[in-house]
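**Q** The structure follows.
The values are calculated or read from the model by the stated rules, or taken from the named source; none is laboratory data. Just so it is clear, the model here is predicted, and its values are computed rather than measured. Positions of Cβ are generated from backbone atoms using ideal geometry, with glycine treated the same way; all protein chains shown enter the neighbour counts.
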Amino acid sequence: MKLVRLAAAGVLAGTAAMGVVGAGLALALARQELPSLPDHGALRTYVPALASEIRASDGSLVARVADENRKFVPVASIPPLVAAAFLSAEDRNFRRHHGVDVSALVRAAMVKARGGPRQIGGSTITQQVVKNLLVGDERTLRRKIREAVVALRIERDLGKDRILEIYLNEVYLGSGAYGVAAAAESYFGKPLDRLDAGEAALLAGLPKAPTAADPRRHPARAKERRDYVLRRMAEDGVIDAAAARAFAARPVTVVRRAPAEDVRYGWFAAAARRSLSERLGPAVVGRGGLEVRTTLDPYLQDAAEEVLRRNLVLIDRRGGWRGPEERIRPPFVASAVPEEPPGAAPWRAGVVLDAGRSARILLRDGRTVELAPEGFAWTGRRAAAAFLAPGDVVLIDAGPKPSLQQMPDVEGGMAVLDPRSGNVLAVVGGWSRARSEFDRATQAKRQPGSSFKTFVYLSAVSIGFDGSSPVLDVPIAIDQGPGRSWWRPSSESREAGMGLIPMRRALELSRNMASARLLNEVGLPAVETMLRRLGFDLPSPMPMSAALGTVETTPLAMAAGYAAIANGGTAVRPRFVASVASSGREVAPPEAWGGPGARVVDPVDAAIVADELQGVVLRGTARGAFAGFPDPVGGKTGTTNENKDAWFVAVAPNFVVATWIGRDDARPLPPGASGGHTAAPVAREFLDAVRPRLRPEPFPVPEGARIAVVDPNTGLPSKRGIEAVVRASAIPSEE
């Protein structure tokens, strides 16, 4: 026994000596590090990275944008049960130590000396805050000493509650969730104040190993950690032992992972985010906790997405059946059916089991559906066996009457703009963001064809022309200047031309040669000046053909250009964002995001062209699509060479709707495609769908203009002609 006591005394003396030496060394190193320690003062006002919330004009949530999924909660609003669970799990002496828990460090050292785990705690919550936000996580003695000194300082200067607030909002808890509030929603689908002790304990068990103890991927490990925290909570008197056992007896239950982004309005949300990032920077948007109110009208957005998708299917079908998605070999079992391609939802993938007059299709979920002839009538085949065979993988609308589908290889874009405010009310960038996030309404530059002619006519009116001005519609060759070839615009048909016709009629029928002669008479510089005033990005030098639609632009830019005609002459910058606030304070004035600008067109000139655009709908290239439409509306069709692009821009004082249909690879559209037959019907269907919300208002007749009755074919006064807007000083009425 004496030898044992002597040995123990020796060990204690040695340990004490080593402690003294270690303490001296630590003090020396700490004194050396003092001048270079990080400034902890910023933690007084530190706010963790927060998600920005993007909302529609009616206040409904469109999307949360975040570099880190986090919802900040002040310490006073964090339930005591949640805070206590974390203290029991991570730092049970938090309220008693001054930043460094010496007893915990000694216990950790003793466990390590006995051959226990290398990482066994010892760092306080205060030290974790310092490590994560100030000194980094380098595994060196120097970092640990710096961490301890700064921990002592922030305990002195910030206080316990502020340190706990930072920690509980900053800590990473797996599945992309930062902070306790985001984790509560991610795992349990509920706010913090509705968590029970078992749920609080599960969250508190995650900081040590948020990936390894992820309750979705590793429920057994998560339960082990949760039950450990429950025992600690019972030991600390947070809950009683019986409650700890009861919660530990429950299985780990979490909700399904929430989507990272609400993509219902993904097209608009992405465009709004780009607008925010361009002005404020991506970091501010992703980490600044902004409160963003956008210009989005959800009613119009829903209608635009539905109408465009439905019409893309119909337009694509004009090109016929392209064949199955793929073919598989027997045995034909549900597990062998491949997944649907991105963007195919809600259609289902299935494999053809047999085909005769009808076809039996096995779906991925194990159901078998019959595809009757009426479900594939659009292919032009009368029997399924004529084009389907066992093993073919096809897409099916598996509703009450199953129908054959195919992913459209035709794309489209639609932008809906309020011409008075510049507010973008809806924007659809294509078939599906799941298939392609490229936004064809705001990012795709395509030739607008004849829909661009409107600005030539607007330029002509601005220098004194009006709808009755005669224009010669016959072939023309135009000298474009030294070193450039002669320009010979082609006719729209086999006819040589219509001869002398009113300018109004030339626009209604979209006559190329008449428009080219008008351009030549007005002069390319005048048209280019007008286009730049309206906000178009143009090539320099601009060829004459560009004025008739060979320049490239986007549907949104076209909507903005037409807005000046719709609103009486004021240029607008489209805006997706109405207001932005941070912590309740406005970040930038509303005009910073776009809106009305300078007057660039005389109101009388705008009214004359708006009246001509109504003629396009009533008597021109869009009359078929808009037959029977009950309200006054203007518009212009556009079709490019080889039918690669089809356009229609609808105009009223309270809206502009720009629609484009085409293919991403610029191949021609299916036979018969044109602005009047392809794009205009899409706009018409959209306006029919939203008429209760967006009924076209009549165009006003501004001071300096009046209504006259003229012959549509000659432009001369007539008792039985059409009503047209003319200048007050223009032709007299027919008596």
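So that you can scan it fast, the table gives a plain yes or no per residue for (1) within 17 Å of S88 (Cα to Cα); (2) part of a loop (DSSP other than H, G, I, E, B); (3) out of contact with any Lys or Arg (no Cβ under 6 Å at 6 or more places or on another chain); (4) among the aliphatic types (A, V, I, L, M):
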| position | (1), (2), (3), (4) |
| --- | --- |
| L202 | yes, no, no, yes |
| A209 | yes, yes, yes, yes |
| R225 | yes, no, yes, no |
| A234 | yes, no, yes, yes |
| R245 | yes, no, yes, no |
| V252 | no, yes, no, yes |
| S275 | no, no, yes, no |
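**Q** Got a number for residues in the stretch 149-177 being part of a strand (DSSP E or B) and either farther than 26 Å from P251 by Cβ or out of contact with any helix residue (DSSP H, G or I) (no Cβ under 7 Å at 6 or more places or on another chain) (or both)?
**A** In the first step, residues of the stretch 149-177 are kept if they are part of a strand (DSSP E or B); the result is 172, 177.
When the remaining residues are screened for being either farther than 26 Å from P251 by Cβ or out of contact with any helix residue (DSSP H, G or I) (no Cβ under 7 Å at 6 or more places or on another chain) (or both), the result is 172.
Going through the stretch 149-177 one residue at a time, the tally reaches 1.
**Q** Also, I was wondering about something else. Being in a loop (DSSP other than H, G, I, E, B) and hydrophobic (A, V, I, L, M, F, W, C) narrows it down to one residue among M542, M558, M513, M530; which is it?
**A** Numbers: M558 fails: in a loop (DSSP other than H, G, I, E, B); M513 fails: in a loop (DSSP other than H, G, I, E, B); M530 fails: in a loop (DSSP other than H, G, I, E, B).
Result of the check over M542, M558, M513, M530: M542.
**Q** Determine the pairs where a residue that is over 28 Å from P298 (Cβ atoms) and in contact (Cβ under 8 Å) with a residue 24 or more places away in the chain, located within the stretch 391-415, has a partner that is of a type in the set (V, I, T) and in a loop (DSSP other than H, G, I, E, B) with Cβ atoms under 8 Å apart, the partner being 6 or more residues away or on another chain.
**A** Correct list of pairs: G391/I328; V393/I328; V393/V337.
**Q** Quick one: which of F686, F699 is out of contact with any Cys (no Cβ under 7 Å at 6 or more places or on another chain), buried (at least 16 other Cβ atoms within 10 Å of the Cβ), part of a loop (DSSP other than H, G, I, E, B) and not small (G, A, S)? Break it down stepwise before answering.
**A** Numbers: F686 fails: part of a loop (DSSP other than H, G, I, E, B).
It is F699.
**Q** Please state which one of R435, R364, R360 is over 23 Å from V307 (Cβ atoms), at pLDDT below 95, charged (D, E, K, R) and out of contact with any Phe, Trp or Tyr (no Cβ under 8 Å at 6 or more places or on another chain). First the steps, then the outcome.
**A** On the way: R435 fails: over 23 Å from V307 (Cβ atoms); R360 fails: at pLDDT below 95.
After applying the criteria, what remains is R364.
**Q** Which count do you get for residues in the stretch 78-97 that are surrounded by fewer than 18 Cβ atoms within 10 Å (Cβ to Cβ), touching a residue at least 40 places away in the same chain (Cβ under 8 Å) and not in a loop (DSSP other than H, G, I, E, B)?
**A** 0
**Q** So which residues in the stretch 195-243 are crowded, with 22+ Cβ neighbours inside 10 Å and in contact with a Gly (Cβ under 9 Å, 6 or more places away or on another chain)?
**A** Hits for the stretch 195-243 are L206, A213, P215, A222, R225, R226, V229, L230.
**Q** Just checking, which of P525, P482, P502, P475 is in the same structural domain as K636 (by TED's automatic domain parsing), surrounded by 19 or more Cβ atoms within 10 Å (Cβ to Cβ) and farther than 22 Å from F648 by Cβ?
**A** Working: P525 fails: surrounded by 19 or more Cβ atoms within 10 Å (Cβ to Cβ); P482 fails: surrounded by 19 or more Cβ atoms within 10 Å (Cβ to Cβ); P475 fails: surrounded by 19 or more Cβ atoms within 10 Å (Cβ to Cβ).
After ruling out the rest, the residue left standing is P502.
**Q** Still on this structure, please answer the following. Let me spell it out: the conditions are (1) out of contact with any helix residue (DSSP H, G or I) (no Cβ under 9 Å at 6 or more places or on another chain); (2) assigned to a helix (DSSP H, G or I), and R217 meets all of them except one. Which number is the exception?
**A** (2) is the only condition that R217 fails.
**Q** Is at least one residue of the stretch 420-429 basic (K, R), at negative phi, in a loop (DSSP other than H, G, I, E, B) and at pLDDT 95 or above?
**A** Going residue by residue through the stretch 420-429, those that are basic (K, R) are 420.
Subset that is at negative phi: 420.
Then drop every residue that is not in a loop (DSSP other than H, G, I, E, B), which leaves 420.
The next check asks that each one be at pLDDT 95 or above; those that pass are 420.
Within the stretch 420-429, one or more residues are basic (K, R), at negative phi, in a loop (DSSP other than H, G, I, E, B) and at pLDDT 95 or above.
**Q** Another question, if that's okay. Name the single residue, out of those in the stretch 335-346 being under 30 Å from E306 (Cα atoms) and of a type outside the set (D, E), that is farthest from the chain's Cα centre (by Cα).
**A** The residue in question is V337.
**Q** On to the next question. Of the residues that sit in the stretch 277-302 and are in a helix (DSSP H, G or I) and hydroxyl-bearing (S, T, Y), which one is surrounded by the most Cβ atoms within 10 Å (Cβ to Cβ)? Working first, answer last.
**A** Taking the stretch 277-302 first, the residues in a helix (DSSP H, G or I) are 277-280, 282-287, 298-302.
Now restrict to residues that are hydroxyl-bearing (S, T, Y): 277, 299.
Numbers: S277: 15, Y299: 17.
By that ranking, first place goes to Y299.
**Q** Now for a separate question. Kindly evaluate Y228 against the criterion of being at pLDDT 95 or above and of a type in the set (S, T, Y). Even if it seems obvious, please write down each step before you answer.
**A** Values: at pLDDT 95 or above: yes; of a type in the set (S, T, Y): yes.
Yes.
**Q** Could you tell me whether E723 is assigned to a loop (DSSP other than H, G, I, E, B) and touching a strand residue (DSSP E or B) at 6+ places or on another chain (Cβ under 9 Å)? Give the steps one after another, and end with the answer.
**A** Details: assigned to a loop (DSSP other than H, G, I, E, B): no; touching a strand residue (DSSP E or B) at 6+ places or on another chain (Cβ under 9 Å): yes.
No, not satisfied.
**Q** Any chance the stretch 257-265 includes a residue that's over 30 Å from W347 (Cβ atoms) and either in a helix (DSSP H, G or I) or not assigned by TED's automatic domain parsing to the domain that holds S674 (or both)? Even if it seems obvious, please write down each step before you answer.
**A** Kept after step one, since they are over 30 Å from W347 (Cβ atoms), are these residues of the stretch 257-265: none.
No, because not a single residue in the stretch 257-265 is over 30 Å from W347 (Cβ atoms) and either in a helix (DSSP H, G or I) or not assigned by TED's automatic domain parsing to the domain that holds S674 (or both).
**Q** Would you mind telling me which numbered condition in (1) modelled with pLDDT of 95 or more; (2) closer than 30 Å to A271 by Cα; (3) not polar (S, T, N, Q) P342 fails?
**A** Result: P342 fails condition (1) only.
**Q** So, Y265, is that one hydroxyl-bearing (S, T, Y) and either without any contact (Cβ under 8 Å) to a residue 40 or more places away in the chain or farther than 30 Å from A581 by Cα (or both) or not? Explain how you work it out, then say what you get.
**A** Details: hydroxyl-bearing (S, T, Y): yes; either without any contact (Cβ under 8 Å) to a residue 40 or more places away in the chain or farther than 30 Å from A581 by Cα (or both): no.
No; evaluated as a whole, the condition is false for this residue.
**Q** Can you tell me how many residues in the stretch 468-489 are assigned to a loop (DSSP other than H, G, I, E, B) and more than 14 Å from R511 (Cα to Cα)?
**A** The number of residues fulfilling the criteria is 11.
Here is a yes/no grid of residues against (1) modelled with pLDDT under 95; (2) outside any loop (DSSP other than H, G, I, E, B); (3) in the same structural domain as K644 (by TED's automatic domain parsing); (4) touching a Phe, Trp or Tyr at 6+ places or on another chain (Cβ under 7 Å):
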residue	(1), (2), (3), (4)
W378	no, yes, no, no
R381	no, no, no, yes
V393	no, yes, no, no
I396	no, yes, no, yes
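**Q** Out of the strands (runs of 3 or more DSSP E) lying entirely within the stretch 610-668, which hold 3 or more residues that are assigned by TED's automatic domain parsing to the domain that holds G721 and farther than 19 Å from M414 by Cβ? Give the steps one after another, and end with the answer.
**A** Numbers: elements: 634-639, 645-652, 655-662.
Counting at least 3 such residues, we get no strands (runs of 3 or more DSSP E) at all.
**Q** Run down T714, T621 and say which single residue is more than 30 Å from the chain's Cα centre (by Cα), of a type in the set (S, T, N, Q) and surrounded by fewer than 23 Cβ atoms within 10 Å (Cβ to Cβ).
**A** Values: T621 fails: surrounded by fewer than 23 Cβ atoms within 10 Å (Cβ to Cβ).
Of the residues listed, the single one that is more than 30 Å from the chain's Cα centre (by Cα), of a type in the set (S, T, N, Q) and surrounded by fewer than 23 Cβ atoms within 10 Å (Cβ to Cβ) is T714.
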